[in-house]
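The values are calculated or read from the model by the stated rules, or taken from the named source; none is laboratory data. These figures come from a predicted structure and were not determined experimentally. No Cβ is skipped: glycine too gets one built from the backbone with ideal geometry, and neighbour counts run over all protein chains shown. SASA here: full protein model, heavy atoms, side chains in, ligands and nucleic acids out. Shrake-Rupley method; radii C 1.70, N 1.55, O 1.52, S 1.80 Å.
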Amino acid sequence: MPELPEVTVISQNIRTLACGKKVLRAAAFRPDVSNAGVEGFGKRLVGRRLLGTDRRGKIILLDFGEVVGVVHLVISGRVRKLPGWQEPDRFNTAVLEFEGGVVLAFAKLWLGYFDLYAPEEVEKHPLISRLGPDPFSAEFTPEYLMKAFARKASIKGLLLDQSVVAGLGNIYVDEVLHAAGVHPTRRANTLSPEEIQRVHTATRDILRRAIEFKGTTFDSYHDAFGESGRFQDQLRVFTRAGKPCYACGEEITKLRVAGRGTYVCPACQTLLR
Ligand SMILES: [Zn+2]
């Protein structure tokens, strides 16, 4: 599933490819691809210019002036540049043609969607309205985390919760907790101020680096130019079960936390100190 870095890269790609360009054609494959329905999708987009792109958590926002595209890729969704117009199909679930021959397919939105909202309605979107602070926002401070972590839930479960922090998923939470030296099963309210500070710093550092490396690709994620991310080579615990920790040499182990496969260095991330 694309997390904050991948969604940032895709949003930047779309801006590079289509910003300032007018939509010539737009079509959705099935009514469930967009809240605008198959007919409304084209009607509301054609003739509008893409003014900018943005991100809320793992959601891409496309600013078409009086209409905003709210794109959620969920697990399998991708954005691909096509060589020319083609009608949407089961794979290319929504297709937009911009001036200058730029055709973008919003592919495999099988659980995702490309909804259209009035600008003033965007913040009321059911997912967006519940998002916690963005890791790069001014609200995301160690003090904020201190309050958010005043709960008995596991630290991993809380970091995955989009209402606590927007944009983190399974890969980056494991990497952040390893960098911070915090075991993922720790109850959030047992973290010391120093540990909270380390979680805060690691979150921003790792996400920033992952964006620089164009995200993490295991199988499906590619940017809109078809390029793979390169951050998978930088991962220090995720998918490294049985391999030595780069920091201490101990074997990385895999467990299940908050219902998700979780990678831990038992020496760097001790449960008790
Ligand atoms: Zn280690």
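What do you get for Rg/Rh of the chain when both radii come from the Cα atoms and Rh is the Kirkwood radius?
On the way: Rg = 19.8 Å, Rh = 19.5 Å.
Answer for the chain: 1.02.
Annotation: F225 carries an accessible surface of approximately 100 Å², with a 1.4 Å probe and no ligand, DNA or RNA atoms counted.
What does the convex hull of the Cα atoms come to per residue for the stretch 26-157, in Å³?
Working: hull volume 17.2 nm³, N = 132.
Enclosed volume per residue, from the Cα hull, is 130 Å³.
State the three equivalent ellipsoid semi-axes of the stretch 142-264, derived from the C-alpha gyration tensor as the square roots of 5 times its eigenvalues, in descending order and whole Å.
On the way: eigenvalues 113, 60, 35 Å².
Here the semi-axes work out to 24, 17, 13 Å.
Phi-derived couplings, Karplus 6.51 cos²θ - 1.76 cosθ + 1.60 at θ = phi - 60°, listed residue by residue for the stretch 143-148: 5, 4, 5, 4, 5, 5 Hz, with x used for Gly and Pro. Taking all protein chains together, E87, E250, E99 sort by accessible area into E87, E250, E99, largest first [probe 1.4 Å].
Where in the stretch 1-38 does the label zone of R90 land, with the point 7 angstrom along Cα→C-beta and an amide N cut-off under 19 Å? In the stretch 1-38, the label zone of R90 (backbone N under 19 Å from the point 7 Å along Cα→Cβ) covers 28-34.
Per residue, the convex hull spanned by the Cα atoms of the stretch 1-102 amounts to 92 cubic angstrom. Solvent exposure of the stretch 142-264 amounts to 44 Å² per residue of accessible area, where only protein heavy atoms count and the probe is 1.4 Å.
Ligands, DNA and RNA are left out, and with a 1.4 angstrom probe the accessible area of the stretch 4-130 is 42 Å² per residue.
Taking amide H as placed 1.01 Å from N in the peptide plane, the amide H of V103 sits under 5 Å from that of L82, F98, each at least 5 places away or on another chain. Remark: for residue pairs K58/K124; K58/K254; K58/K81; K81/K243, the C-alpha separation exceeds 27 Å in K81/K243. Expressed as a whole percent, the accessible surface of the chain that belongs to carbon and sulfur atoms is 51, based on a 1.4 Å probe. Please work out the FRET efficiency for the pair E99 and E227, using the Cβ-Cβ distance as r and a Förster radius of 30 Å; give the result to the nearest 0.05. Using R0 = 30 Å, I get an efficiency of 0.80.
In the chain, helices alone account for a calculated mean residue ellipticity at 222 nm of -7500 deg cm²/dmol, with every DSSP H run of four or more residues adding -39,500 (n - 2.57).
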